[in-house]
Amino acid sequence: MKNWAGNLEYSSTEVHRPTSVGELQELVANASRIKALGSRHSFNTVADTDGTHILLDALPQEVVLNKDKGTVKVSGGISYGALGRALEEQGYAIHNLASLPHISVAGAIQTGTHGSGVNNPSLAAAVVGVDLVRASGELVTLTEDDDEFLASVVGVGGLGIVTGLELAVRPSYDVRQRVLTDLAWDGVLANFHTIASSAYSVSFFTNYTGEAIPQVWFKALDTEAPLAELFGGAAAKAALHPLPDMSAENCTEQLDVAGKWLDRLPHFRHEFTPSNGEELQSEFLLPLDQAPAALQAVRDLAATVAPLLFISEIRTVAADEFWLSPFYQQQSVALHFTWKPLQAEVEAVLPELEEALRPFGARPHWGKLFTPGLYDFAALYPRFGDFRALVQANDPTGKFRNGLLDSVLGVAVTS
């Protein structure tokens, strides 16, 4: 098997597709090494194993709305697109979505995936309960009152296999999407927070060359006032794709036409099936107040970085309290790099980029390409030692471990 991008061939020796949680529990209890796979939208070995892979798509796919509690109970393997459709049919929504609605709920949350908006926390922030199968095979449910909850929601697969999640919901809402072009870098760096705060969700698209950012996408709630100014750019007169030479037919509708949250917050339509391969991804999360200096540091590397890039997306994310979340107690700017499928060349450039971002406290996205040995995770994550101790206590034989997790935690398990 390979991942979504096709840049990684998994190392598992067997694959199972359980049809019930009970069957999954038995598989976990009897395995020596085991990991789950969802939509496989990770670009590194975070979900790899040299033992058994579990595919979650044959488990019962449930979406159970509780209007009295203001929550929805969902199966871990369901996609955000499917969840969004089911919620919208009943007049409800969640607070945000990532750019691609095809990713699985459990996998996205375990790795700290997010949308955009200075006041919008990551997708994990909607979680009020999580069901997971421990290394022993025991099925546990953790809620906000449980000591291990904040460690387990963004758990990087180290504390169990997620079978279900309970998410906070809100009434459905409408969003308008507008794109501005050619915003001068000088103005963006001088007014980054103002621009990034001017709509519910804002995304900047660039390759860091030239004097201007080619596109900035503003996703405004329909109750928000129209965009007050153009920040020196121009309003797009036709729908655009983030890549300049690509058709916008698969992008969500723009030009200030209001539509439901699930049809505007992602960049791409749910009915569009993205192609496998053709790209690699990295992402680094930094304190929001470091955005101008960090962006200039990347601009200084444009001659090295740009030839390998399809595009880079710059977003913002509000803080949360999950121990291993890249946004732990930190309002953040997210620098996302969509690379051409040139693995060796990208991996050769990454350390230079990561070193340039190190002074700003950059934390890597757990599911994308980064260089683990360059990071002092204990310094970046105040609860890192507690997380490591919890992993060792719940999985003493390393059933859920792999090379990446060993390198992050700094302690390999061989028994």
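Within the range 373-399, residues that are under 23 Å from residue 140 (Cα atoms) reach partners that are modelled with pLDDT under 95 and among the polar types (S, T, N, Q) with beta carbons closer than 7 Å, at six or more positions or on different chains, in the pairs 397/415. Within the range 229-259, being among the hydrophobic types (A, V, I, L, M, F, W, C) and within 15 Å of residue 183 (Cα to Cα) holds for 230, 231, 234, 235, 236. Here residue 367 clears all of (1) part of a loop (DSSP other than H, G, I, E, B); (2) touching a helix residue (DSSP H, G or I) at 6+ places or on another chain (Cβ under 7 Å) except the condition numbered (2). When residue 12 is tested against (1) surrounded by 18 or more Cβ atoms within 10 Å (Cβ to Cβ); (2) in contact (Cβ under 8 Å) with a residue 60 or more places away in the chain; (3) more than 16 Å from residue 164 (Cβ to Cβ); (4) among the small types (Gly, Ala, Ser), exactly one condition is not met: (2).
When the range 217-236 is examined, which residues are found to be within 16 Å of residue 175 (Cα to Cα) and buried (at least 18 other Cβ atoms within 10 Å of the Cβ)?
Matches in the range 217-236: 217, 218, 219, 220.
For the range 157-172, residues that are surrounded by 19 or more Cβ atoms within 10 Å (Cβ to Cβ) and over 22 Å from the mean Cα position of the chain (by Cα) total 0.
Of all the listed residues (71, 111), the sole one being buried (at least 20 other Cβ atoms within 10 Å of the Cβ), polar (S, T, N, Q) and out of contact with any strand residue (DSSP E or B) (no Cβ under 7 Å at 6 or more places or on another chain) is 111.
Between 312, 282, the distinction of being touching a His at 6+ places or on another chain (Cβ under 7 Å), more than 24 Å from residue 150 (Cα to Cα) and surrounded by 22 or more Cβ atoms within 10 Å (Cβ to Cβ) belongs to 312 only.
Identify, from the list 354, 345, the residue that is in contact with a Phe, Trp or Tyr (Cβ under 9 Å, 6 or more places away or on another chain), under 29 Å from residue 188 (Cα atoms) and assigned by TED's automatic domain parsing to the domain that holds residue 245.
354
Using the structure shown, decide if residue 398 is of a type outside the set (A, V, I, L, M) and not in a helix (DSSP H, G or I). Against the criterion (of a type outside the set (A, V, I, L, M) and not in a helix (DSSP H, G or I)), residue 398 qualifies.
For the range 77-100, the criterion of being of a type in the set (Asp, Glu), under 30 Å from residue 411 (Cβ atoms) and not assigned by TED's automatic domain parsing to the domain that holds residue 215 is met by none of the residues. Checking the structure you have, find out if any residue of the range 118-141 is closer than 21 Å to residue 338 by Cα, touching a helix residue (DSSP H, G or I) at 6+ places or on another chain (Cβ under 6 Å) and outside the structural domain of residue 232 (by TED's automatic domain parsing). Yes, that holds for at least one residue. Restricted to the range 331-345, and to residues there that are over 14 Å from the mean Cα position of the chain (by Cα) and either free of Cβ contacts under 8 Å to residues at least 40 places away in the same chain or buried (at least 20 other Cβ atoms within 10 Å of the Cβ) (or both), the residue that is nearest to residue 306 (Cα to Cα) is 339.
May I ask you to say which residue of 410, 367, 385 is at pLDDT 95 or above and under 20 Å from residue 35 (Cβ atoms)?
After ruling out the rest, the residue left standing is 367.
Can you tell me which of (1) within 24 Å of residue 340 (Cα to Cα); (2) of a type in the set (Ser, Thr, Tyr); (3) surrounded by fewer than 19 Cβ atoms within 10 Å (Cβ to Cβ) is the one residue 42 doesn't meet? Unmet condition: (3).
The residue that is surrounded by the fewest Cβ atoms within 10 Å (Cβ to Cβ), counting only those in the range 173-187 that are out of contact with any helix residue (DSSP H, G or I) (no Cβ under 6 Å at 6 or more places or on another chain) and touching a residue at least 60 places away in the same chain (Cβ under 8 Å), is 174. If the condition is being of a type in the set (Asp, Glu) and in contact with a strand residue (DSSP E or B) (Cβ under 7 Å, 6 or more places away or on another chain), then the range 218-254 contributes 222, 253.
The values are calculated or read from the model by the stated rules, or taken from the named source; none is laboratory data. None of the values given here were measured: they were computed from a predicted structure. Methodologically, a virtual Cβ is constructed for each residue, glycine included, from the backbone with ideal geometry; neighbour enumeration extends over all protein chains shown.
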